[in-house]
Amino acid sequence: MSLAVGTRPERATGAAARQSPSEGGSEFTPLLRVVKGQGLLERRTGWYVRTIAVNALALAAVVTGMALIGSSWWALALAPVLAVLYARTAFIGHDAGHAQITGNRSVSRAVGLIHGNLLLGMSYAWWNDKHNKHHANPNHVDKDPDVAADVLVFTSKQAATRVGFRGWLTRHQALLFFPLTLLEGLALKLSGFQDLRRQTGRERLVEGTLLVAHVAGYLTLLLTTMPLDHALAFAAVHQALFGLHLGMAFAPNHKGMEMPDPDGDKWGHLRRQVLTSRNIKGGVLTDWFLGGLNYQIEHHLFPSMPRPHLRLAQPMVKAHCRDLGIPFVETGLVDSYRQALRHMYEVGEPLRADI
C-alpha cells in the first residue's frame, strides 16, 4: 500500500487489513507509551480557561453590538461573526465531551451543557452518545451513526435501496452536500429535542430546560434588538453559516476514507482509527478554523488529548505508521473536500446510470 502523504488511500486489502485484533492492539502500545512519556495526555486546563474566556467575551461583544446597532440592517454584518463564534463554542463543547479540558466528569458535563445546550441549543447528552459511537467504530456502516443511511449515503449498498425523492438526493448528493449543510445547525437542534425522549428523568429535566432557555434567549435577543424582518434575516444567515462552518469542519475527516467490512477481519485500535481518518495540512489558521479536528488521526487515537497537544503528537504518530507500513493520509483542505465529494459522487453513480 502506498505511503504517499496527501494522496487518496488505496483500499486496505493487503497487510494493513489482515491484522488480527491482537496484532492490531499491540501496534498501538508502543505509540501510547511514547506519547504518555512526552506528557501529551496531560490536560491543559489553563489553555482551555483562556479559550473559554476569550470566546465568552467575543460572544458578549457581538450581543452588545447587536443592541447598539439596533434597527439598522448593518446588524446583519454580525451574523457571520456570530456563526464563527458558535462554531468555536461547539468545538469547546466537543472537547469537554472528550474530557480534554478536565478529568472531573461533573465539570466536563457542566462545560458541555453550557456550551452545547444553553449557548447553542444542541443537546450535550445526544451529541456525546452519538459521537462516542462514532469514535468507537469510525466509518463502520453498522456501528457508526455518522455513516448511517439518512439524507446522504456512503456505500453502494446503501444507495441501491434509494428510490423516489431519496434516490434523487443520492444521485445528486455530491452537488447538494454543502447546500444541505446550511440546514445542519437547525437539524442538530431538532435532534437534541427529539433525544429528550430517550433520556432519564433528571437528565431530561436539565437538558430540556437548558434547550428551552436557549430558544427563549435567542428569540428574545433578536426581537428586542431589531425589527421582526431584520430578526428573521439575521437568524437565517446566522444559522445557515453556522451549519456550513460545522460541515466544512467535519466533512474532511472521514468521508472517502476506508470503510471496514462488517464481515471482514477486525482491525485493532491503531488501524481502525488511522485507516478511516484523514488529516488536513495547514498552520495556525487551519488549526483555529477547524478547531483542531484537522489532526483527526491523532484525535481518534487519543480522544482525551488536549487540542493544543495534537500538533505535537503528529510527528510521532506519522513516524510510527511509517514504520508499520500503515498509510497516514494527510492532504490540503480544498483537496480533502474534493476527495469527500468524489466519494459521494461515486456512491451515487449506479443510480445515475439507471436513468
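The values are calculated or read from the model by the stated rules, or taken from the named source; none is laboratory data. Being a predicted model, the structure only gives us computed values, none of them experimental. Because the Cβ atoms are built from the backbone with ideal geometry, glycine has one as well, and the counts that use them run over all protein chains shown. These accessible areas exclude ligands, DNA and RNA; they are computed on the full protein's heavy atoms, side chains included. Shrake-Rupley method; radii C 1.70, N 1.55, O 1.52, S 1.80 Å.
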Practice prompt. Give me the pairs, please: first residue somewhere in region 54-78 and in a helix (DSSP H, G or I), second residue anywhere and open to solvent by 60 Å² or more (accessible area, probe 1.4 Å), beta-carbon distance under 6 Å, and either six or more positions apart or on two chains.
Written response: Val62/Val81; Ala75/Ile69
Item to complete: Taking Phe242 as the residue in question, decide whether it is open to solvent by 50 Å² or more (accessible area, probe 1.4 Å), in a helix (DSSP H, G or I), under 29 Å from Leu310 (Cβ atoms) and out of contact with any Pro (no Cβ under 8 Å at 6 or more places or on another chain).
Response: no
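I'd like to know if region 328-337 contains one or more residues that are aliphatic (A, V, I, L, M), in contact (Cβ under 8 Å) with a residue 12 or more places away in the chain and in contact with a Ser or Thr (Cβ under 8 Å, 6 or more places away or on another chain).
Taking every residue of region 328-337 in turn, at least one turns out to be aliphatic (A, V, I, L, M), in contact (Cβ under 8 Å) with a residue 12 or more places away in the chain and in contact with a Ser or Thr (Cβ under 8 Å, 6 or more places away or on another chain).
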Worksheet item: Which of the following residues is open to solvent by less than 30 Å² (accessible area, probe 1.4 Å) and not charged (D, E, K, R): Val334, Val317, Val284?
Response: Val317
Worksheet item: Is it fair to say Gln273 is in contact with a Leu (Cβ under 6 Å, 6 or more places away or on another chain), touching a residue at least 12 places away in the same chain (Cβ under 8 Å), more than 15 Å from Val35 (Cα to Cα) and open to solvent by less than 10 Å² (accessible area, probe 1.4 Å)?
Response: yes
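Would you mind finding the one in Gly264, Gly256 that is surrounded by fewer than 24 Cβ atoms within 10 Å (Cβ to Cβ), small (Gly, Ala, Ser) and either within 26 Å of Thr29 (Cα to Cα) or under 17 Å from the mean Cα position of the chain (by Cα) (or both)? First the steps, then the outcome.
Details: Gly256 fails: surrounded by fewer than 24 Cβ atoms within 10 Å (Cβ to Cβ).
After ruling out the rest, the residue left standing is Gly264.
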Worksheet item: Of the numbered conditions (1) open to solvent by less than 30 Å² (accessible area, probe 1.4 Å); (2) part of a helix (DSSP H, G or I); (3) of a type outside the set (S, T, N, Q), His140 satisfies every one except a single condition; which is it?
Response: (2)
Worksheet item: Within the bounds of region 8-26, is there any residue that is modelled with pLDDT of 95 or more, among the aliphatic types (A, V, I, L, M), more than 30 Å from Ser123 (Cβ to Cβ) and open to solvent by less than 60 Å² (accessible area, probe 1.4 Å)?
Response: no
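Quick one: how many residues across region 69-88 are touching a Ser or Thr at 6+ places or on another chain (Cβ under 9 Å) and either surrounded by fewer than 16 Cβ atoms within 10 Å (Cβ to Cβ) or under 30 Å from His299 (Cα atoms) (or both)? Before you say what the answer is, go through the steps one by one.
Going through region 69-88, the residues touching a Ser or Thr at 6+ places or on another chain (Cβ under 9 Å) turn out to be 69-71, 75, 88.
So of that shortlist, the ones also either surrounded by fewer than 16 Cβ atoms within 10 Å (Cβ to Cβ) or under 30 Å from His299 (Cα atoms) (or both) come out as 70-71, 88.
Counting residues in region 69-88 that are touching a Ser or Thr at 6+ places or on another chain (Cβ under 9 Å) and either surrounded by fewer than 16 Cβ atoms within 10 Å (Cβ to Cβ) or under 30 Å from His299 (Cα atoms) (or both) gives 3.
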Practice prompt. Output yes when any residue across region 32-54 is within 25 Å of the chain's Cα centre (by Cα), among the small types (Gly, Ala, Ser) and modelled with pLDDT of 95 or more, and no when none is.
Written response: yes
Response to the item:
Within region 89-108, residues being surrounded by fewer than 19 Cβ atoms within 10 Å (Cβ to Cβ) and assigned to a helix (DSSP H, G or I) number 3
Practice prompt. Output the number of residues of region 319-344 satisfying the condition of being assigned to a helix (DSSP H, G or I) and touching a His at 6+ places or on another chain (Cβ under 9 Å).
Written response: 1
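Modelled with pLDDT under 95, out of contact with any Lys or Arg (no Cβ under 6 Å at 6 or more places or on another chain) and farther than 28 Å from Leu186 by Cβ: which single residue out of Lys266, Lys255 fits that description? Steps first, please.
Details: Lys255 fails: farther than 28 Å from Leu186 by Cβ.
Going through Lys266, Lys255 in turn, the sole match is Lys266.
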